[in-house]
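I have placed the structure first, in the form of structure tokens, so that the comments after it can refer back to it.
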Amino acid sequence: MNVVCLDLEGVLVPEIWIAFAERTGIPDFRRTTRDEPDYDKLMRWRLALLVQHKLKLPDIQRVIAGMAPLPGAREFLDDLRRQYQVIILSDTFYEFADPLMAQLGRPTLFCHRLLVAPDGTVTDYRLRQPDQKRHAVNALRSLNFTVFAAGDSYNDTGMLGAAHAGFFIHPPDSIVQQFPQYPVCRDYGQLRAQVDAAASRFTTA
């Protein structure tokens, strides 16, 4: 049985924090896992910015409510799920993701939780598990699944390396240069072709 694990932001939906930066006019929120490989450092930066600017969870959720998947993402995902089991492995938060997952047909999502005060202040975050993407792929492999993975950022490279085959989609050039071992896909058609080719290799191996 083949399983495809996909990152969410930058792969199927726009980057939530970039959209939030554009809506609030605060450019510091544009920093993402494409820029900062240390996820805890990035999240501490974001939480401090929220406090500094007196912004709360409902402010972020209002931005997310107006967002939509990337063009072609729903169609790609629907087609992929006809042939493969698909799991979304993301470092986003359940408190953010629901409206976007509804628009994607509610595929299975593994992500994290925010700690939120009664007044909506985001006080902290809790990882489901450190390096959860890589651990999820390894767990699936331990169950004798053949796993293919695709992402776009530093925090995806663990799962790409753990999978039977890993691919970049929509990555920045800076990350491609650091991880040349992973094929680069610039659109969903290329990614589907890479997944199908890998599936064929492992089926006949």
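Evaluated at 10 °C with a viscosity of 1.306 mPa s, what Stokes-Einstein diffusion coefficient in µm²/s does region 24-72 have when Rh comes from the Kirkwood expression over alpha-carbon pairs?
129
Using a Förster distance of 30 Å, how high is the FRET efficiency between ARG128 and ASP35, based on the Cβ-Cβ distance and rounded to 0.05?
0.85
On average, how much area does the Cα convex hull of the chain cover when viewed from any direction, in nm²?
11.1
Send over the Kirkwood Rh of region 96-140, from the inverse of the averaged 1/r over different Cα pairs, rounded to one decimal Å.
One over the average 1/r among Cα pairs gives 12.5 Å for region 96-140.
If you take the Cα Rg of region 107-166 and divide it by 2.2 N^0.38 Å, with N the number of residues, what do you get?
That ratio works out to 1.38.
Using 0.36 nm per residue of separation minus the Cα-Cα distance, give me the extension gain between ASP173 and LYS56 in nm, one decimal.
Gain in length upon complete extension: 38.8 nm.
Can you give me the C-alpha center-to-center distance between region 127-157 and region 180-205, rounded to a whole angstrom?
The distance from the Cα centre of region 127-157 to that of region 180-205 comes to 17 Å.
Between beta-carbons, use under 14 Å as the cut-off and find the net charge around PRO27, counting Lys and Arg +1, Asp and Glu -1.
Charge balance near PRO27 sits at 0.
Around MET1, with a cut-off of 15 angstrom between Cβ atoms, what is the net charge of the other residues, counting Lys and Arg +1 and Asp and Glu -1?
Net charge around MET1: +3.
After finding the eigenvalues of the alpha carbon gyration tensor for region 59-153, what semi-axes result from the square roots of 5 times each, listed largest first in whole Å?
Computed over region 59-153, the values are 26, 20, 9 Å.
Estimate the FRET efficiency between ASP28 and ASN144 by the formula 1/(1 + (r/R0)^6), using the beta-carbon distance for r and 45 Å for R0, to the nearest 0.05.
About 0.50, to the nearest 0.05.
Name the most mobile residue of MET159, MET101, MET43, meaning the one with the largest mean-square fluctuation, in a Gaussian network model of the chain with Cα contacts below 10 Å.
The residue that fluctuates most here is MET43.
By counting other Cβ atoms within 10 Å of each Cβ, how are LYS54, LYS133, LYS41 ranked from fewest to most?
The most exposed by this proxy come first: LYS54, LYS41, LYS133.
Under the √(5λ) rule applied to the eigenvalues of the Cα gyration tensor, what semi-axes describe the equivalent ellipsoid of region 136-205? Give them in Å, descending.
That gives 20, 15, 9 Å for the three semi-axes.
Only the coordinates and a few stated rules stand behind these numbers; no lab work does. This one's a predicted model, so the numbers in the text were calculated from it and none came from an experiment. Cβ atoms come from the backbone with ideal geometry, glycine included; neighbour counts cover every protein chain shown.
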